[in-house]
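> Structure in C-alpha cells, see below.
The values are calculated or read from the model by the stated rules, or taken from the named source; none is laboratory data. This one's a predicted model, so the numbers in the text were calculated from it and none came from an experiment. A quick note on method: Cβ atoms are made from the backbone with ideal geometry, for glycine too, and the neighbour counts reach across all protein chains shown. Surface accessibility is based on the protein's heavy atoms, side chains included, excluding ligands, DNA and RNA. Shrake-Rupley method; radii C 1.70, N 1.55, O 1.52, S 1.80 Å.
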Amino acid sequence: LKSTVAMIDANIGFLYLTQGHYNKALERLNLARSCFEDLKVPRNVAVVDLDLADLYLLLNLPHEAVRLSERAQVTCARVGMSLERARAVASQAFGHIQLGQHDIASDLLAEARQAFRREGNQVWVATLDLHRAALLAQDSASDADLSEALTLSEGARQIYRRRGMVAKHAYSQLVE
C-alpha cells in the first residue's frame, strides 16, 4: 500500500503543479519521492524528479532543475526509460537556458530533439524546435540563423495548430 500512496501523492503533486499551487506540489512530490526511494523503485523516483525539475524551472531555480534532471537522466538510461530520458535531457536544456548557458542548452536541445524524434513524439519535437528558434533569434544577428529560427518556429506552429494546442500555437507566433 505504501507504493500506492506514493503514486497518489505523486499524481496529486503533479496536479498541484499544473494548477500553480507550487508549495503544495513540492510537498506532495517530495513525499512521493521519499517513499519511492525507501521502497527502492528507481523508475518512479526518476519520474518524480522530472516533475520536481519542472517545478523548479517554474520557480526560476535552474540549478536545482538541472541537478534533478541529470539524476533522472542517469536512472532513466540505466532502467531503459527512453522517453523519460529524453524529457530529462530537455529539462536540462531548459535549465541551462535560464542560466544563460545557451551553447550547452543548444546541444542538449538537439540531443533531446533526436530522442523524441525516434520516439515519434511530434509535440516534443516542436517544443524543442521552438526553444531552439528562440535561442537563435535571441543570440544571433545573422540572416542564416534568423531564417532557421523562422523555419523552426513556423514548423512548431503548424504542429500546434493541427493538435489544437492554442497556447503553444500563440507562443510560436510570438517567436515568429
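> Open to solvent by 60 Å² or more (accessible area, probe 1.4 Å) and either within 17 Å of the chain's Cα centre (by Cα) or in contact (Cβ under 8 Å) with a residue 24 or more places away in the chain (or both): does that describe R161?
no
> For the range 28-35, indicate whether the set of residues that are exposed (fewer than 14 other Cβ atoms within 10 Å of the Cβ) and at pLDDT 95 or above is non-empty.
Scanning the range 28-35 turns up no residue that is exposed (fewer than 14 other Cβ atoms within 10 Å of the Cβ) and at pLDDT 95 or above.
> So which of L52, L68, L58 ends up being touching a residue at least 40 places away in the same chain (Cβ under 8 Å) and under 25 Å from A115 (Cα atoms)?
Exactly one residue qualifies, and that residue is L58.
> Next question, about the same structure. How many residues does the range 120-138 hold that are over 14 Å from the mean Cα position of the chain (by Cα) and surrounded by 14 or more Cβ atoms within 10 Å (Cβ to Cβ)?
Number of matching residues: 6.
> Do any residues in the range 13-31 that are under 21 Å from A46 (Cβ atoms) have Cβ atoms under 6 Å from those of residues that are open to solvent by 50 Å² or more (accessible area, probe 1.4 Å) and hydroxyl-bearing (S, T, Y), where the two are at least six apart or on different chains, and which pairs are they?
Qualifying pairs under 6 Å: A25/Y16.
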